[in-house]
Structure formats: C-alpha cells, structure tokens
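Just so you know, all these numbers are worked out from the coordinates, no wet-lab data involved. Quick caveat: nothing in here was measured; it's all calculated off a predicted structure. Here the Cβ positions follow ideal geometry from the backbone for every residue, glycine too, while neighbour counts run over all protein chains shown.
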Amino acid sequence: MPRFYFNLRDDLSADDQDGLELARFDAARAHAEMFARDLAAEAIKREGKLVLHHRIEVTNETGQDVLTVRFADVVTVEG
C-alpha cells in the first residue's frame, strides 16, 4: 500500500514524519481535507481567526507533491 505524508504549511512548516498507508489516492484526499478542517477549527478556537491560504501539502513515498489542500478549499464562509 502506498504511504502518503501530510505536511502542514502555515506560518511555520511542519513535516509529517510518519505518514499514513492508504489504499487509494481518494483516501489521501479525504484525509487531507478532514485534517485541514480540523486544523482550521482549532485555529478559530485558539486565535479567533482563520488564514485561508494555510494548507496541507501531500507527498508520496518519494517526496513528490501529489496534492495541495488549502483551508479555503475545505470551508465555506457564509453571511
């Protein structure tokens, strides 16, 4: 099974050292989207703001970028 790494890119960078083995790319996308939503919610709770260009960069086992999920991609602002 392929391993994917979910690296946080915000005011500081945090690389995923462990990664996750996931059967399909779709599963990696779903995980990245949920991870981004969780981090966005935590930022709002902690700081009272959300920076929409913060993102999760997903890489494969060889370090190749395969997906970028920006916080703006996974939240809807209404009102």
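So the values come out like this:
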read-out: Theoretical gain in end-to-end length, A23 to R46 [0.36 nm per residue, Cα-Cα removed]; value: 4.9 nm
read-out: Furthest towards positive pole of dipole, M34, L22, N7, structure part the chain, Cβ charges; value: M34
read-out: Acute angle (nearest 10 degrees) that the helix 25-47 long axis makes with the longest principal axis of the chain, alpha-carbon atoms; value: 30 degrees
read-out: Kirkwood hydrodynamic radius of the chain, from inverse mean 1/r over distinct Cα pairs, in Å; value: 12.9 Å
read-out: Residue range of the chain that is longest and free of trypsin sites (Lys or Arg not before Pro) which are both DSSP loop and sparsely packed (at most 15 other C-beta within 10 Å); value: 50-79
read-out: Proximal charge balance of L50 [Cβ under 14 Å; K/R count +1, D/E count -1]; value: -1
read-out: Sum of side-chain charges, T59 neighbourhood, beta-carbon under 15 Å (Lys, Arg +1; Asp, Glu -1); value: -3
read-out: Simple label model, 7 Å out from Cα along Cβ direction - R3 to A30, nm; value: 2.3 nm
